[in-house]
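As structure tokens, the structure follows; a few thoughts come after it.
The values are calculated or read from the model by the stated rules, or taken from the named source; none is laboratory data. Fair warning: this is a prediction, and the values are worked out from it, not measured in the lab. No Cβ is skipped: glycine too gets one built from the backbone with ideal geometry, and neighbour counts run over all protein chains shown.
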Ligand code: CTP
């Protein structure tokens, strides 16, 4: 089984020294890479900028921006049986990247942002019958499951790991697993390394077996 895992944040540059990003540290994606290796899988890790050591033996592809992550994933996705989208991809990027440095001025600075492509949704569109996809969803509340259900469908995922925004950049996490039916099936709370092992265990039981050639 060869799997592709996306991890970390992306950076969207305004000029040569400034960028828009988010609080993702990449810990969840890297923990999943370790857990996937422990399950005996070959891991292709597409990572945004993080300060983590990649697990030994993974095929690491470093990217900076969402567009780079998109292009890299599209080049690699045909060669894998499973995809886990753990990256916190920036939804928008500045329309223009200034060359050099934007100089300080007394006037307000207006930045126009344009949408980035939805990487996982495109993976979902290209999905083959022998592939599975597990997405992540950062949700402020679990009171309304409509938003994660919509994500599950739009991105054609077999399962969605729903977590609260408070877990970004933390060593622990809380994950609710929604399966294809749109129902919550499991809840895990603890260090990201442990939760990653639980998620991979669930995939082995529920997705990977039937898809393994
Ligand atoms: N994702 C992606 N490409 C994007 C945005 C998100 O591949 N441009 C993936 C993430 O890696 C994650 C899933 O889609 O697996 C859901 O990400 P999330 O930020 O929770 O949702 P969004 O689709 O961005 O929707 P919203 O920001 O409205 O909650």
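Kindly list the number of the only condition in (1) touching a strand residue (DSSP E or B) at 6+ places or on another chain (Cβ under 6 Å); (2) at positive phi that fails for residue 182. Evaluating residue 182 over (1) touching a strand residue (DSSP E or B) at 6+ places or on another chain (Cβ under 6 Å); (2) at positive phi leaves (1) as the failure. Set side by side, the residues 159, 197 differ, and just one is within 16 Å of the ligand (Cβ to nearest atom), in contact (Cβ under 8 Å) with a residue 12 or more places away in the chain and closer than 28 Å to residue 78 by Cα, which is 159. Mind checking whether some residue in the range 24-43 is surrounded by 21 or more Cβ atoms within 10 Å (Cβ to Cβ) and out of contact with any strand residue (DSSP E or B) (no Cβ under 9 Å at 6 or more places or on another chain)? Yes, some residue in the range 24-43 is surrounded by 21 or more Cβ atoms within 10 Å (Cβ to Cβ) and out of contact with any strand residue (DSSP E or B) (no Cβ under 9 Å at 6 or more places or on another chain).
Evaluation of residue 178 against the conditions (1) over 25 Å from residue 92 (Cβ atoms); (2) touching a helix residue (DSSP H, G or I) at 6+ places or on another chain (Cβ under 7 Å); (3) surrounded by fewer than 20 Cβ atoms within 10 Å (Cβ to Cβ) shows that the sole unmet condition is (3). In this entry, residue 90 passes the filter for residues that are touching a helix residue (DSSP H, G or I) at 6+ places or on another chain (Cβ under 7 Å) and assigned to a loop (DSSP other than H, G, I, E, B).
Going residue by residue through the range 133-143, is there one that turns out to be modelled with pLDDT under 95, within 12 Å of the ligand (Cβ to nearest atom) and surrounded by 14 or more Cβ atoms within 10 Å (Cβ to Cβ)? The answer is yes; a qualifying residue exists. Scanning the range 100-132 for residues that are within 16 Å of the ligand (Cβ to nearest atom), outside any strand (DSSP E or B) and over 23 Å from residue 90 (Cβ atoms) turns up 127, 131.
Yes or no: residue 85 at positive phi and touching a residue at least 60 places away in the same chain (Cβ under 8 Å)? It is false that residue 85 is at positive phi and touching a residue at least 60 places away in the same chain (Cβ under 8 Å). Filtering the range 1-50 to residues that are within 16 Å of the ligand (Cβ to nearest atom) and in a loop (DSSP other than H, G, I, E, B) leaves 8, 10, 11, 21, 22, 23, 24, 25, 26, 48, 49, 50.
I'm told residue 147 meets every condition in (1) within 9 Å of the ligand (Cβ to nearest atom); (2) in contact with a helix residue (DSSP H, G or I) (Cβ under 9 Å, 6 or more places away or on another chain) except one. Can you identify the failing condition by its number? Condition not satisfied by residue 147: (2). When restricted to residues that are in contact with a strand residue (DSSP E or B) (Cβ under 7 Å, 6 or more places away or on another chain), part of a loop (DSSP other than H, G, I, E, B) and either away from the ligand (no atom under 16 Å from the Cβ) or within 27 Å of residue 170 (Cβ to Cβ) (or both), the range 51-87 contains 7.
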